[in-house]
1. What are the pairs with Cβ atoms under 6 angstrom where one residue, in the range A:354-379, is over 23 Å from A:Ile259 (Cβ atoms) and within 14 Å of RNA strand B (Cβ to nearest atom) and the other, located anywhere, is of a type in the set (S, T, N, Q) and assigned to a helix (DSSP H, G or I)? Sequence gap at least six, or different chains.
2. Looking at (1) under 28 Å from A:Thr288 (Cβ atoms); (2) under 19 Å from the mean Cα position of the chain (by Cα), which is the one condition that is false for A:Tyr83?
3. Can you name the residue in the range A:444-457 that is among the polar types (S, T, N, Q) and assigned to a loop (DSSP other than H, G, I, E, B) and is also farthest from RNA strand B (Cβ to nearest atom) among such residues?
4. With A:Leu405, A:Leu460, A:Leu397 as the choices, which residue is more than 11 Å from RNA strand B (Cβ to nearest atom), on the phi < 0 side of the Ramachandran plot, crowded, with 17+ Cβ neighbours inside 10 Å and at pLDDT below 95?
5. Return the residue satisfying two criteria in turn: it lies in the range A:291-318 and is small (Gly, Ala, Ser) and in a loop (DSSP other than H, G, I, E, B), and of such residues it is surrounded by the fewest Cβ atoms within 10 Å (Cβ to Cβ).
6. For a quick check of your reading of the model, give me the residue pairs whose first member lies in the range A:202-224 and is within 15 Å of A:Ala25 (Cβ to Cβ), whose second is near RNA strand B (Cβ under 8 Å from one of its atoms) and part of a loop (DSSP other than H, G, I, E, B), with beta-carbon atoms closer than 7 Å and at least 6 apart or on different chains.
7. Looking only at the range A:160-196, count every residue that is hydroxyl-bearing (Ser, Thr, Tyr) and within 33 Å of the chain's Cα centre (by Cα) and tell me the total.
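The values are calculated or read from the model by the stated rules, or taken from the named source; none is laboratory data. Just so it is clear, the model here is predicted, and its values are computed rather than measured. Here the Cβ is made from the backbone with ideal geometry for all residues, glycine too, and neighbour counts use every protein chain on show.
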Amino acid sequence: MNKPVRTRFAPSPTGLLHVGGIRTALFAWLYARQNNGQFILRFEDTDKAREKDGAREHLIQSLRSLGLQYDEGPDIGGPHAPYIQSERLEIYKQWAQRLIDSGRAYADPYSPEEVQAFRDQARAEKKPFLYRNHRPENPKAWDGSTPLRFKSDPKAYTWNDAVIGDVSTGPEVIDDFILIKSDGYPTYNFCHIVDDAEMEITHIFRGQEFIASVPNYLNLYEALGLQPPVMAHMPHIMAEGGKRKLSKRDGAKDVLDYIREGYLPEALRSFIATLGWNDGTEQEVFTTDELIAKFSLNRIGKSGALFDERRLNWVNGSFIRELSLDELYERSKSYLPKSAASFDEAYKKQVVGLAQERLKYFAELPELTDFFFEDLPVNPELMSGHKQLKKTEPQELKQLLESALETISESSFTVDDLTTRLNQLLEASGQKPAVLFSLIRIATTQAPNSPGLADTLAVLGRETTLRRIKSQLASF
RNA sequence: GGUCCCGUCGUCUAACGGUUAGGACACCAGGUUUUCAUCCUGGCAACAGGGGUUCGAUUCCCCUCGGGAUCACCA
């Protein structure tokens, strides 16, 4: 009996898609998938002045790279094509004509300046501005050269928002808004309703900034004889400090930035979904299948959330640690430092494996692994700044390292053998592990930190290990 | 200013009248024979305020305060 669920993501191609915007898309996608419905992409490009070059491609790429596949859209078509509003002008004209015929739309006789004068006057009188107070008695027939306005029917509304709950407003918020602009393009307020009806959208997911306009939409739905879809208005994701909506200048990266830095799509999905939604249990991280199974509209929070990149890092890291070595390698190998190019796959895979547990996102790979691929210059500060080593005489360190060289050179360079010999040396030298192992670690990596010593040496191999120890020795 | 929405640790949140207000991130301390990380243990930390309703309020109602959104020929 119920109509098949159809949700849509309907951005205007005016800029980059950041985390707040993609969350709306994610929820719409999850809901469609959960109900075996369709998810549709539609471009709302009726404001030619604000359109940005490349924004369409960016939007499409963002959805694709996050894995939010849509079933119908501008680039793939579908039964209700086109999915670009600027190509649907005739459709809007037809619907507008129905409104004109039924006496619910009329030509706006005023110039923008005149309307502004009404507005200023209302402001001066400290009264709210209502265009309908200036509604013309006998408007001339609309010829397309002036805006076409909706003739509203002011009344109170109470409706249910799937996220917010019941909302009530009085007739004072209902006004005659513009249906079609004098440039021939429809306004969002008009065409999204037409398109949602034509495309049989059952659930609207959008930002909370639209909730104030809902009463006017309800009024239009009535005039058109349409049943409004379910509406779900998402609270905003706020920038650090919570003072404003998240935007690019808050350091808010767009979705593709995160993909480029090596955040996993499945981690992004989990993190973004739990920004304002949870399943009521103490589960913190969700696979996408779990998200699809457990998502529910009524568990979306009502209040805005702050985007916290530290938490994203933790979520992403936990997904990275779940990856098999093969998968980790395949997905991260392009992030390896340039110096890795000449090394064979088996070697690189071992290196990636050692970095796995300390990786928060793939772009960190070069700084974490560069010493596996090139000899870094001996850095005296690593020793002089080390809290254990700086308390030991250089001469003593040198002797220690010399005996280490001897011990290590006898190793077969398996992790087990290295571990055994290193421990024997530790015992024989009577040194604290913090001194002996740090010394060898620094000598062989020239890095402030690294994976475990035996693991590192085993991967580095005999030749490189001994060469680096000798370089360090020469620097004393 | 009018209208609407929101208000639990620094952050993301759980709680659907009765709890020592729970979990997670971050942070701090300790442990896992070096560092960083992982993992484990412990710690710090919240019901915006005031009135009601009730035997009992974080939870229901009202007011105040605070935050956000919206009042376009933008979406």
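1. Pairs found: A:Phe371/A:Thr445.
2. The single condition A:Tyr83 does not satisfy is (2).
3. A:Gln446
4. A:Leu397
5. Taking the candidates together, the pick is A:Ser303.
6. As it stands, the answer is A:Gly207/A:His236, since those pairs meet every condition given.
7. So the answer is 4.
For (1) more than 10 Å from RNA strand B (Cβ to nearest atom); (2) surrounded by fewer than 17 Cβ atoms within 10 Å (Cβ to Cβ), each residue gets a yes or a no:
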| site | (1), (2) |
| --- | --- |
| A:Pro136 | yes, yes |
| A:Ala141 | yes, yes |
| A:Leu148 | no, no |
| A:Lys151 | yes, no |
| A:Lys155 | yes, yes |
| A:Asp161 | no, no |
| A:Glu172 | no, yes |
